[in-house]
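The values are calculated or read from the model by the stated rules, or taken from the named source; none is laboratory data. All values derive from a computational prediction rather than experimental measurement. Cβ placement follows ideal geometry from the backbone for every residue including glycine, while neighbour counts extend to all protein chains displayed.
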C-alpha cells in the first residue's frame, strides 16, 4: 500500500512540475513590453534552427516548451520564410501562430510560360531589384510560376531560394526520378516547349506526347516558340515572343532553332507550370499523332500524316 501511495505521489509531483514548467515556458518574455522586433526566417531553415534563433534573440522563454506548442498546434509546416514583427509581450502560442503569416512580406505572382527576362521585370518592379541581376542569376526553367510571399527588403538570392524551394516544384522534380526515364533537364526543356505550344491545360499531355514522340524518333521538333526565343525582344510588338514568324526567321542559325536542328534546345525556353511538367512526366509517346497546330480560334488540330497536317493548315489557317 505504501509503495502505491509513493508511486501515486511521484506521478502527481511529476504532473504538477511539468504543468508549472509548461505554463511558465509558454508565458510572454515580458508582458509589459510591447516593443516590436524584426525576426527573420530564411528559406529552408529547420524548426530547430528557428527555435534556437528565437531563444537567442530573447523572444521566447523556453525552447522545449515552444517546440512542444508548435507541434501541439500542428503548424510546423505552415511556418514560412520571411520577416516577422514580434514583441516580448506575446506568449509562445501567439509567437508560433505569428510565424505562419509574415506581416512584413509582400506578394509576387509569376506567370507560367514567361522567359526569365519577363519574370525579371515583374520581380524588379515589386522589389526594386535590378533586372540585369535577376537575368544573370536566374536559370531558365527554374523560376517556378506561382504566387510567393517574400520579405519586402529581400535580395534576389533570397527570392530565388524561396522560388527554387517551392514545395510543388520540388515534389515535381522528385517525381521525375520516380516516374520518368527522362532527366530533370529534359523534362524541364520539354515542359517549357509544351507551355508555349499548349496554353490550355486539357491539351498539354496530348501535345507533350507528340513532342516526345518526335524527339525519341529523332525528328526535328519544328516548334515556333524556340525560334521566337532566339529572336528575343521585339520593340515594335513590345513583346519577347514575335507573333508572326517569316521564312527567314525559321532559318536563323541557333542551337535553339528546332527547324534546323534535331533534338532538344540546349536549355528550357520558358518557365513551365506544374501542369506542363506533369504533362511531360505522364506523356504517352505512343500517341498515333505526329503533327498538331492551333487554329485561328485557339483549337488544337491533330494529324497522323503530313498530308493530314497540310490539310489542317489549308483548312484552319488560311
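Below, the figures for the structure above:
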{"read-out": "Residues of segment 286-296 classified as within 16 Å of residue 223 (Cβ to Cβ) and at pLDDT 90 or above, total", "value": "4"}
{"read-out": "Matching residues in segment 156-179 - criterion: being free of Cβ contacts under 8 Å to residues at least 60 places away in the same chain and surrounded by fewer than 13 Cβ atoms within 10 Å (Cβ to Cβ)", "value": "157, 167, 170, 171, 174, 177, 178"}
{"read-out": "Test result for residue 118, under 23 Å from residue 231 (Cα atoms) and surrounded by fewer than 16 Cβ atoms within 10 Å (Cβ to Cβ)", "value": "no"}
{"read-out": "Condition met for residue 193 (buried (at least 19 other Cβ atoms within 10 Å of the Cβ) and closer than 25 Å to residue 148 by Cα)", "value": "yes"}
{"read-out": "Condition met for residue 75 (within 34 Å of the chain's Cα centre (by Cα), surrounded by 15 or more Cβ atoms within 10 Å (Cβ to Cβ) and modelled with pLDDT under 85)", "value": "yes"}
{"read-out": "Evaluation of residue 32 against (1) surrounded by fewer than 13 Cβ atoms within 10 Å (Cβ to Cβ); (2) modelled with pLDDT of 80 or more; (3) not in a loop (DSSP other than H, G, I, E, B) (one fails), failing number", "value": "(3)"}
{"read-out": "Condition check for residue 254: at pLDDT 95 or above, surrounded by fewer than 18 Cβ atoms within 10 Å (Cβ to Cβ), assigned to a loop (DSSP other than H, G, I, E, B) and touching a helix residue (DSSP H, G or I) at 6+ places or on another chain (Cβ under 6 Å)", "value": "yes"}
{"read-out": "Tally, over segment 273-314, of residues that are assigned to a helix (DSSP H, G or I) and surrounded by 11 or more Cβ atoms within 10 Å (Cβ to Cβ)", "value": "14"}
{"read-out": "Test: residue 197 is at pLDDT below 95, over 30 Å from residue 79 (Cβ atoms) and out of contact with any helix residue (DSSP H, G or I) (no Cβ under 8 Å at 6 or more places or on another chain)", "value": "no"}
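Rundown of residues vs (1) within 26 Å of residue 154 (Cα to Cα); (2) more than 26 Å from the chain's Cα centre (by Cα), yes/no style:
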| site | (1), (2) |
| --- | --- |
| 27 | no, yes |
| 31 | no, yes |
| 48 | yes, no |
| 56 | yes, yes |
| 62 | no, yes |
| 80 | yes, no |
| 89 | no, yes |
